[in-house]
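Notes for the one structure printed next.
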Amino acid sequence: MAADQQARLAVELEYYAQHKAEWLARKTGHYVVIKDSGLLGFYPNFEAAYRAGAATYGLNTDFLVKQILEHEPVFFVF
Amino acid sequence: MSPIRGQSPVSPTTGGRFTETEALIDTGAQRTVLAPEAVQRVGLSKINEADIRVVGGIVKADVYVASLQFPYSGLKAIEVIEVSCCELPHPLYRCLLGRDVLSRWIFTYDGPVGTWQISEASVSSWVEPPEGSELWGE
């Protein structure tokens, strides 16, 4: 991953890491939306989470949409 | 695996920016993957990072949101989907359609004959055109 891409969402991923344990206790499996260090909300699926973020922040900006899971998944690609 | 013509993306994720690319159906891929240049062409928004296992190990990949259209196929567009971004080994294909896309369809592969077919509940089947035919009008 290029360094400039890695910097994108760095603040949001740090915020997620700080709150993950707390959210796991009550929102496991839900999707959380975070922009900068602000929490937008929790949603039952990815599409609902993304649409809420896009409606709030717009289409031309990054925001974090992340499923709250104890262990980060590894996806097999090729 | 077999080539399919995909078009990405349109409205709810990119505000109308799109690019067209050929894609490879990859039943071994859990997730749909775009090559970096395809992501940059459209200027997709980054929404996450994820670990993906590729040949040689696990890499950290950027995750973007996209819409996918499948022109000429009759298949419904996918308005919102996560796509991972990493270098792809085959230079001709800048997109792998993984099982996150295939899970929306009924995908039938006839091994002895060497053909495949995709259908959806509400649209007629799309059968792979014979070798050499000009389905895309190019």
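Bear in mind that the values in this text are calculations on the coordinates, not laboratory data. Bear in mind the structure is a predicted one, so any value in this text is a computation, not a measurement. With ideal geometry, Cβ positions are generated from the backbone for all residues, glycine too; neighbour counts draw on all protein chains shown.
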* Sort A:71, A:19, B:90, A:30 so that the residue with the fewest other Cβ atoms within 10 Å of its own Cβ comes first and the one with the most comes last. => A:71, B:90, A:19, A:30
* Asked: Along each of its three principal axes, how wide is the spread of alpha-carbon positions in region B:31-94, in whole angstrom units, largest first?
  -> 37, 26, 20
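As a test of understanding, state the convex hull volume per residue of chain A from its alpha carbons, in Å³.
114
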* Asked: What is chain A's relative contact order, in percent, from Cα pairs under 8 angstrom and six or more apart in sequence?
  -> 34
* **Residue exposure sequence - B:99, B:17, B:31 - by fewest surrounding Cβ within 10 Å** => B:17, B:99, B:31
* To do: Evaluate the charge dipole of region A:9-65 about its Cα centre and quote only its size in Debye, nearest 20, assuming +1 on the Cβ of each Lys and Arg and -1 on the Cβ of each Asp and Glu.
  => 220
* **Helix-only [θ]222 nm of chain A, DSSP H runs n ≥ 4, -39500 (n - 2.57) each, per residue, nearest 500** => -14000 deg cm²/dmol
* Within the set of other residues whose C-beta is less than 10 Å from the C-beta of residue B:76, count the net charge using Lys and Arg as +1 and Asp and Glu as -1. => -1
* Structure fact -> Along region B:31-45, Karplus-curve 3J(HN,Hα) (6.51, -1.76, 1.60; θ = phi - 60°) to the nearest Hz, with x for Gly and Pro, reads 10, 6, 10, 10, 6, x, 5, 5, 5, 5, 4, 8, x, 5, 7
* Residue exposure sequence - B:72, B:64 - by fewest surrounding Cβ within 10 Å -> B:72, B:64
